[in-house]
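The values are calculated or read from the model by the stated rules, or taken from the named source; none is laboratory data. The structure displayed is predicted, hence computed values, not measured ones. When we count neighbours, we look across all protein chains shown, and the Cβ atoms used for this are built from the backbone with ideal geometry, even at glycine.
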Amino acid sequence: MPKVKTKKSAAKRFKVTGTGKLKRMKAYKSHILTKKTAKRKRNLRHATITDSTNVKAMKKIMPYI
């Protein structure tokens, strides 16, 4: 059985926490920032935990992470 390749794009976007959860950065912080409030942009800075409905698929494309 050959090795399963890691999807490098996913590996760059997700990190595994000590408890095995997936951590990611929030979207919508790259452009068109003038119409977004300071509070909204500030809240987009922080990382968050990936939703449980997506974790199975993410772990499948990142088998060794």
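Observations on the model:
Listed here are the residues, each with its yes/no results for (1) touching a His at 6+ places or on another chain (Cβ under 9 Å); (2) of a type in the set (A, V, I, L, M, F, W, C).
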{"position": "Arg13", "(1), (2)": "no, no"}
{"position": "Leu22", "(1), (2)": "no, yes"}
{"position": "Lys26", "(1), (2)": "yes, no"}
{"position": "His31", "(1), (2)": "no, no"}
{"position": "Asn43", "(1), (2)": "no, no"}
{"position": "Thr48", "(1), (2)": "no, no"}
{"position": "Lys56", "(1), (2)": "no, no"}
{"position": "Ile61", "(1), (2)": "no, yes"}
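- The listed residues are Arg24, Arg40, and the only one of them that is at pLDDT 95 or above, closer than 28 Å to Pro63 by Cα, surrounded by 11 or more Cβ atoms within 10 Å (Cβ to Cβ) and out of contact with any Gly (no Cβ under 9 Å at 6 or more places or on another chain) turns out to be Arg24.
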